[in-house]
1. Given a cut-off of under 8 Å on Cα pairs at least six residues apart, what relative contact order in percent is computed for the stretch 143-231?
2. I'd like the FRET efficiency for residue 218 and residue 188, computed as 1/(1 + (r/R0)^6) with the beta carbon distance as r and R0 of 25 Å, rounded to 0.05.
3. Return 102, 111, 245 ranked ascending by Cβ neighbour count within 10 Å, so the fewest neighbours appear first.
4. With a 10 Å Cβ neighbour count serving as the proxy for reagent exposure, in which order, fewest first, do 74, 101, 156, 168 appear?
5. Tell me, what is the FRET efficiency for residue 243 and residue 169 to the nearest 0.05, using R0 = 30 angstrom and their Cβ-Cβ distance as r?
6. Any idea how far the Cα center of the stretch 69-144 sits from the one of the stretch 193-212, in Å?
7. When the chain is fully extended, how far beyond the present Cα-Cα distance does residue 227 get from residue 71, taking 0.36 nm per residue of separation?
8. Apply the a/c threshold of 1.5 to the C-alpha gyration tensor of the stretch 143-231 and tell me whether it is rounded, prolate or oblate.
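Since every read-out is calculated from the coordinates, none of them should be taken as a lab result. Please read all numbers here as calculations on a predicted model, not as lab measurements. Every residue, glycine as well, gets a Cβ built from its backbone with ideal geometry; the counts of neighbours run over all protein chains shown.
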């Protein structure tokens, strides 16, 4: 009887030991998982530190949209977006690394994590703001409706119904043209766009007012005219991935833009490329 009792007590103690070990194992696993999550969270919050550790800010732009970003006579990449983003990188203590791509690939590359930011005269829209975080605006622009000089049948955005426009694929200009009933044809550069309007292959195009006037400064004899402008100016800002690891970068970029504005540097760069200050809200 005593033997049975002893064995039973041993069994109970052994079982308790197993449960105790299981509890320890469970607690250890939970603790490990918690530590991993905390480490991941810390890493995510340090995107800016990662960029500064690597010593470079990867910036995506088209490189073919004068005066925002383009190649000059010596094939050097220049433009408003180039100088603004370079000044931001300097504020962050890193070097800018530019990646040139066509418009519709800019956002795909940002989504895939190939770029840190896109600096390409991007207008803030409700749809884009749902997917991306945007920096403080560094420009304000209006959209111009541009036609050949001898066209009299298009005088307003409403006249685009049934007409053909040429614009960058998926750009706000293409979407606006389509919203007025136009059939939009995709092109890569502003020069191509306006060449299609001049040749009659496109009836009109929508583009930034400042970009059109810059084009006319370079091509003063071009038979083109602006027949309408949007009533309100759009905000131009830099999209960044809407993720936890973007918080520190977004804050640093915003601070850099604010400092550049306060120092008058944004105005200086704007007047250099646009002949006017587009950095103040209207």
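1. Numbers: 153 pairs, mean separation 40.0, N = 89.
Taking the mean separation of contacting Cα pairs over the length of the stretch 143-231, I get 45 percent.
2. Computed FRET efficiency for residue 218 and residue 188: 0.85.
3. On the way: 102 15, 111 12, 245 18.
Final ranking by Cβ density, sparse to dense: 111, 102, 245.
4. Numbers: 74 6, 101 19, 156 10, 168 23.
Taking fewest neighbouring Cβ atoms as first place, the list is 74, 156, 101, 168.
5. Details: r = 26 Å, r/R0 = 0.85.
Step by step, r from the Cβ atoms, then E = 0.70.
6. Between the Cα centre of the stretch 69-144 and that of the stretch 193-212, the gap is 23 Å.
7. Working: separation 156, 0.36 × 156 = 56.16 nm, distance 2.92 nm.
So the extension gain works out to 53.2 nm.
8. Details: a/c = 1.40, a/b = 1.25, b/c = 1.12.
Rounded.
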